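The values are calculated or read from the model by the stated rules, or taken from the named source; none is laboratory data. Because the structure is a prediction, the values reported are computed rather than measured. With ideal geometry, Cβ positions are generated from the backbone for all residues, glycine too; neighbour counts draw on all protein chains shown.
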Amino acid sequence: MASVRSLYDVKQMYETLRRRYFPAAEGSRELPPAKEIRWYWLAANSDALGITHWDADGDAQDVGLAPLLRGSYHLMKHILLHEMTHIRLGPTPSCGGFSHAWTGPRIARSGLWHAETLRLVQAGAFQL
Ligand SMILES: [Zn+2]
């Protein structure tokens, strides 16, 4: 599969993943359309390739993606699915990532991150 070079390509991928893997469901946040996705220069010592920022109401404000993701379709898809999981679950729980462990209870305590990731795996989202 080709790489995903432009923000237009990334937004197309987001929309495809949103329709395919994030249907509206009782008790779940509906993912907004892709509009606030941008390239984001993460700190050199960051362990993250993507980041979701939140507004004061706890809604996703924007998603920042490391420009190096343009080189890999599969890596871009994985990071996008990761950030989309954050958006689906809200500011808490944390995925357990070192860089944003402060955002909420760790996965071992909540189980929500684990359950959502398993749902995506069972839906085939991570198939190559
Ligand atoms: Zn994360």
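Among the residues of the stretch 29-42, the one identified as closer than 17 Å to Ser6 by Cβ, surrounded by 13 or more Cβ atoms within 10 Å (Cβ to Cβ) and at pLDDT below 85 is Ala34. The test for being within 16 Å of the ligand (Cβ to nearest atom), within 23 Å of Leu128 (Cβ to Cβ) and either out of contact with any Gly (no Cβ under 7 Å at 6 or more places or on another chain) or in a helix (DSSP H, G or I) (or both) does not hold for Lys11. Of the listed requirements (1) more than 22 Å from Leu120 (Cα to Cα); (2) in a loop (DSSP other than H, G, I, E, B); (3) free of Cβ contacts under 8 Å to residues at least 24 places away in the same chain, Ala2 misses just one: (3).
For the stretch 43-65, taking the residues that are under 19 Å from Ser6 (Cβ atoms) and out of contact with any helix residue (DSSP H, G or I) (no Cβ under 8 Å at 6 or more places or on another chain), the one that is surrounded by the fewest Cβ atoms within 10 Å (Cβ to Cβ) is identified as Asp62.
Yes or no, residue by residue, for (1) assigned to a loop (DSSP other than H, G, I, E, B); (2) within 13 Å of the ligand (Cβ to nearest atom); (3) at pLDDT 90 or above:
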residue: Ile51; (1), (2), (3): no, yes, yes
residue: Gly58; (1), (2), (3): yes, no, no
residue: Leu68; (1), (2), (3): no, no, yes
residue: Leu75; (1), (2), (3): no, no, yes
residue: Leu81; (1), (2), (3): no, yes, yes
residue: Cys95; (1), (2), (3): yes, yes, no
residue: Ser99; (1), (2), (3): no, yes, no
residue: Pro105; (1), (2), (3): yes, no, no
residue: Ala108; (1), (2), (3): no, no, no
